[in-house]
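Each remark here refers to the structure printed beneath this line.
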Ligand SMILES: [Zn+2]
């Protein structure tokens, strides 16, 4: 059996997943604009007009008010008016002799009710009978719907709405679909981020936060880092900026510069340049193991990477951005500093585990800081972001007042 993921546009390319697919744990974050678009309404005028005059009224109207509200039906038959408005608009239960349409005029801010009334009085449709239609005010969504499902919901609740393919307030459904399909083993990588977090906390060198960066081209783990803000230098000072995501980004940088640190097989937090977990001894390979699965690295025990002469090849593209289109897995929603560092490094996607309502900067949902930094029109980079919903009992400790 296959079921559809809720966030894909049915008219677009749709990714079908097996019922048991772990990808169902991935909940796409809504952008700040999407959330605002979902809740903001404006007051608009509506008037009932004879259907035979509809086109003439509409074209006359265009001369006095700007054309807007293109995401809503301008002329609506009574049978398509939402139930919640039927009484308010005094729609008769039996159709009148003359067909009536409800015209959505314009926002109340575009024309006064008096001017609208005077305008209608002069139109041939009403001047001959001497009666002008009743002008009413209804609340409608101010922005266009972001999915066919939302258009259907609004049509039943506010006013018949039109969904235009695409999403002006966030990633296009095909981008979400494509990025989701490109995630490399997200379940194991989010588990690894959580294990790194657990190790960081138990080591006493940091708080329980972890980060993993993966190259989607090769499937290789480029960095795995725990928080280390409690680790003291020779002067006995910790570094409050040593957040897991910052350290992981730094590891990608160091790796690209060929500055491998020495292998520390006895150190459970950081083995080689952030590559964490077990040293396989005689094989000279560092192995990242998660639930029995291995991701075998090619570094030797002296920390040499797989480029020539122990130097990692700097494989950045001409754009020079450090983490361009890499995938990032975090045990917790990152703070503002880490979110902006990820953005400036131009990561391709982020999956985080625990939402941090007091300090997290990626989610735009209510109940948090509502920053939604992963997709803001005023910033020069955007990436797709999901929260990995843990099964009950498998959630990480939240550390809710702390910046992750
Ligand atoms: Zn942080």
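The values are calculated or read from the model by the stated rules, or taken from the named source; none is laboratory data. What you are looking at is a predicted structure, and each value in this text was computed from that prediction instead of being measured. Neighbour counts are summed over all protein chains in view; Cβ atoms, including those assigned to glycine, are modelled from backbone coordinates with ideal geometry.
Observations
- Unique match (being within 13 Å of the ligand (Cβ to nearest atom), touching a residue at least 60 places away in the same chain (Cβ under 8 Å), over 14 Å from the mean Cα position of the chain (by Cα) and buried (at least 21 other Cβ atoms within 10 Å of the Cβ)) among 402, 336, 328: 328
- Test: residue in region 57-64 that is more than 40 Å from the chain's Cα centre (by Cα) and touching a residue at least 12 places away in the same chain (Cβ under 8 Å): yes
Listed here are the residues, each with its yes/no results for (1) outside any strand (DSSP E or B); (2) more than 14 Å from the ligand (Cβ to nearest atom); (3) closer than 15 Å to residue 211 by Cα.
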site: 351; (1), (2), (3): no, yes, yes
site: 369; (1), (2), (3): yes, no, no
site: 377; (1), (2), (3): yes, yes, no
site: 380; (1), (2), (3): yes, yes, no
site: 386; (1), (2), (3): no, yes, yes
site: 390; (1), (2), (3): yes, yes, no
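- Residue 243 more than 16 Å from the ligand (Cβ to nearest atom), touching a residue at least 12 places away in the same chain (Cβ under 8 Å) and surrounded by 23 or more Cβ atoms within 10 Å (Cβ to Cβ): no
- Looking across region 172-212, the residues that are out of contact with any helix residue (DSSP H, G or I) (no Cβ under 8 Å at 6 or more places or on another chain), part of a loop (DSSP other than H, G, I, E, B) and at pLDDT 90 or above come down to 184, 185.
- Residue within region 33-41 that is surrounded by fewer than 17 Cβ atoms within 10 Å (Cβ to Cβ), farther than 13 Å from residue 104 by Cβ and at pLDDT below 80 present: yes
- Residues that are more than 22 Å from residue 42 (Cβ to Cβ) and surrounded by 17 or more Cβ atoms within 10 Å (Cβ to Cβ) within region 124-147 comprise 125, 126, 132, listed in sequence order.
- Single match in 69, 89 (criterion: in a loop (DSSP other than H, G, I, E, B), touching a residue at least 60 places away in the same chain (Cβ under 8 Å) and either outside the structural domain of residue 373 (by TED's automatic domain parsing) or touching a strand residue (DSSP E or B) at 6+ places or on another chain (Cβ under 9 Å) (or both)): 69
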